[in-house]
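Notes for the one structure printed next.
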Amino acid sequence: MQEKYIDETKQGEAFAIAEKPQNSKKLFLESYGCQMNFSDSEIVASILNEQGYNTTLLPEEADLILLNTCSIREKAEQTVRMRLSQFKNLKKEKPNLTVGVLGCMAERLKTKFLEEEHLVDLVVGPDAYRDLPNLLKETEDGRDAINVILSKEETYADISPVRLGGNGVTAFVTITRGCDNMCTFCVVPFTRGRERSRDPHSIIEECKELWTNGYKEITLLGQNVDSYLWFGGGAKKDFKKATEIQQLTAINFAQLMEMVAVAVPQMRIRFSTSNPHDMSTDVFKVMAKYDNICKYVHLPVQSGSDRMLEKMNRQHTRAEYLALINKAKELIPEVSFSQDMIIGFCGETEEDHQLTLSLMREVEYDYGYMFSYSERPGTPAEKKMEDDIPADVKQRRLAEVIALQGELSRKRMQGYVGRNHEILIEGTSKKNPNQWKGRNSQNAVCVFDKLDGQKLGDIVTVFVHGNTQGTLLGKTV
Ligand code: SAH
Ligand code: F3S
């Protein structure tokens, strides 16, 4: 059940994009980790497109290789190191080839990267992509180049992302960057810096442009979207210093989502990811009010035990989380949920583990993204707590959590059987070229036979007659 959301085991995808005929250099760009990295890569491609680079899917023909990296778990970093080692021979054959590391690993390791991986010429943190043209000039002169300065303002609001390798139907729109929450296990506040929100006007413009260009679904994206707060720019923690008028006219996430829902009334809208601590019931009210907002909330909880939640500094209790879930169920009758869980965090007992399982049963999540705890250097947990759960215990508990989620997913999928669903056609089924695949409002994947006249991007009514653990089987009505 470990799916696409943050799955460092998945090879980053390399993308081809619209070419500029006058461009002569080739960029091979691969992204690892969360959706935010994929979205950032679209900004990087856009910046480099202006610098003479078209993208290629073949590292062998690239002048510049960039890996947009993830630090969330140790394994994510190992994956990137392995990928880098594969470029060693290429670099020997082509001395002019530049290899760069972007994103969270760049930010975490900084100059260490240049010392440890001799192959790497360029290290750029997530807030420094505008500096890429200058940094590349330095590498052209034969020097290593690095910029890992984090910003309190950068949102890349004015850079129109080049849509990479997508289906032309669904797109990400970044609305916040960074995170101020300081969950004790998490490296994100260190690699992505202070939380800041993007100008709502530029968000609306981007959404409208996507609609004009044929897109049918957008996901509003951030490490922590529900803490979106626009008051004229700058880091969220500076809100108190804002002028009175800025404070009075500030826009929060519920208001932003409503603005988007009105601005692109036929666009399907999703959002990710949310921290329960920052989630307000106003968001659920807006979801209930607008048909074009999908009835699906990804609401990571990490553990079902209050003791663990406190050690993780999640700033809410199990009861508060369940109250939030119940409020959503009450306001949005058709709502579905997915979770993130961390298994085997410092000091987790069998009892804590059982509380995680019972919480899952209570919520009945549609999906889950579950991983063993991986200690990250520099985080509060690494500094103050002991990563004391033996690997085999973590593994066994993780297997139990995954098995339970499988059971719950199957049950939830069964609940969709026997009625019609509005499915957005997102592509051809991987298993059967004669079938479409798409998702319903609740984010459940559905496959069904293609009919003449149907095309990518259509929203069609499908009768669901069966299911597997993760997929609905249907037929166009
Ligand atoms: N902002 C979101 C989470 C973003 S990080 C929230 O509030 O929950 C994405 C997911 O990675 C987290 O939900 C968590 O489940 C997982 N994760 C983060 N740090 C981790 C670590 N050190 N070990 C294992 N999983 C981790
Ligand atoms: Fe990480 Fe917690 Fe922020 S999980 S991204 S510190 S909300």
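The values are calculated or read from the model by the stated rules, or taken from the named source; none is laboratory data. Nothing here was measured: the structure is a model prediction, and the numbers come from that model. When we count neighbours, we look across all protein chains shown, and the Cβ atoms used for this are built from the backbone with ideal geometry, even at glycine.
Structure values in brief
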| quantity | calculated |
| --- | --- |
| One residue from VAL477, VAL417 being surrounded by 14 or more Cβ atoms within 10 Å (Cβ to Cβ) and not polar (S, T, N, Q) | VAL417 |
| Residues of the stretch 322-333 classified as charged (D, E, K, R) and more than 13 Å from GLU364 (Cα to Cα), total | 2 |
| Residue pairs meeting the criteria (Cβ under 7 Å; at least 6 apart or on separate chains; first within 28 Å of TYR215 (Cα to Cα) and assigned by TED's automatic domain parsing to the domain that holds LYS311, in the stretch 168-192; second within 9 Å of ligand 2 (Cβ to nearest atom) and among the basic types (Lys, Arg)) | ARG177/ARG192; GLY178/ARG192 |
| Residue ID - surrounded by the most Cβ atoms within 10 Å (Cβ to Cβ), chosen from residues in the stretch 73-106 that are of a type in the set (Asp, Glu) and within 27 Å of ILE343 (Cα to Cα) | GLU77 |
| Boolean, ASP127 is surrounded by 22 or more Cβ atoms within 10 Å (Cβ to Cβ) and outside any helix (DSSP H, G or I) | yes |
| Test result for MET257, within 16 Å of ligand 1 (Cβ to nearest atom), buried (at least 21 other Cβ atoms within 10 Å of the Cβ) and of a type outside the set (Val, Ile, Thr) | no |
| Only one of LYS289, LYS237, LYS285, LYS295 that is surrounded by fewer than 20 Cβ atoms within 10 Å (Cβ to Cβ), more than 16 Å from the chain's Cα centre (by Cα), in the same structural domain as SER374 (by TED's automatic domain parsing) and within 14 Å of ligand 2 (Cβ to nearest atom) | LYS237 |
| Matching residues, the stretch 182-220, being within 17 Å of PHE38 (Cβ to Cβ) and either in a helix (DSSP H, G or I) or more than 20 Å from the chain's Cα centre (by Cα) (or both) | VAL188, THR191, ARG192, GLU206, LEU210 |
| Residue match in the stretch 241-249 (condition: in contact with a strand residue (DSSP E or B) (Cβ under 8 Å, 6 or more places away or on another chain) and in the same structural domain as THR184 (by TED's automatic domain parsing)) | no |
| Single unsatisfied condition, ARG143 versus (1) of a type outside the set (Phe, Trp, Tyr); (2) away from ligand 2 (no atom under 16 Å from the Cβ); (3) touching a residue at least 24 places away in the same chain (Cβ under 8 Å); (4) under 18 Å from ALA128 (Cβ atoms) | (3) |
| Meets criteria (among the basic types (Lys, Arg) and over 27 Å from the mean Cα position of the chain (by Cα)) for LYS92 | yes |
| Among (1) modelled with pLDDT under 95; (2) touching a Phe, Trp or Tyr at 6+ places or on another chain (Cβ under 7 Å); (3) among the β-branched types (Val, Ile, Thr) - the single one ILE17 does not satisfy | (2) |
| Some residue of the stretch 437-448 being outside the structural domain of ILE293 (by TED's automatic domain parsing), surrounded by fewer than 16 Cβ atoms within 10 Å (Cβ to Cβ) and at pLDDT 95 or above | no |
| Qualifying residue in the stretch 457-475 (condition: among the basic types (Lys, Arg), part of a loop (DSSP other than H, G, I, E, B), on the phi < 0 side of the Ramachandran plot and modelled with pLDDT of 95 or more) | no |
| Some residue of the stretch 66-82 being outside the structural domain of SER372 (by TED's automatic domain parsing) and farther than 30 Å from SER372 by Cα | no |
| Every residue from the stretch 311-334 that is crowded, with 21+ Cβ neighbours inside 10 Å and touching a residue at least 60 places away in the same chain (Cβ under 8 Å) | LYS311, MET312, ARG314 |
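Quick grid of which residues meet (1) among the charged types (D, E, K, R); (2) more than 19 Å from the chain's Cα centre (by Cα):
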position: ASP226; (1), (2): yes, no
position: THR243; (1), (2): no, yes
position: ASN252; (1), (2): no, yes
position: VAL262; (1), (2): no, yes
position: ASN275; (1), (2): no, no
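Results for (1) touching a Cys at 6+ places or on another chain (Cβ under 9 Å); (2) within 16 Å of ligand 1 (Cβ to nearest atom), shown as yes or no for each residue.
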| site | (1), (2) |
| --- | --- |
| LYS112 | no, no |
| GLU140 | no, no |
| ALA145 | no, no |
| GLU154 | no, no |
| LEU164 | no, no |
| VAL169 | no, no |
| ASP180 | no, yes |
| ARG194 | yes, yes |
| ARG198 | no, no |
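Each row is one residue, and each column tells you yes or no for (1) touching a residue at least 60 places away in the same chain (Cβ under 8 Å); (2) not hydrophobic (A, V, I, L, M, F, W, C).
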{"site": "ASP452", "(1), (2)": "no, yes"}
{"site": "LYS455", "(1), (2)": "no, yes"}
{"site": "HIS465", "(1), (2)": "no, yes"}
{"site": "GLN469", "(1), (2)": "yes, yes"}
{"site": "LEU473", "(1), (2)": "no, no"}
{"site": "VAL477", "(1), (2)": "no, no"}
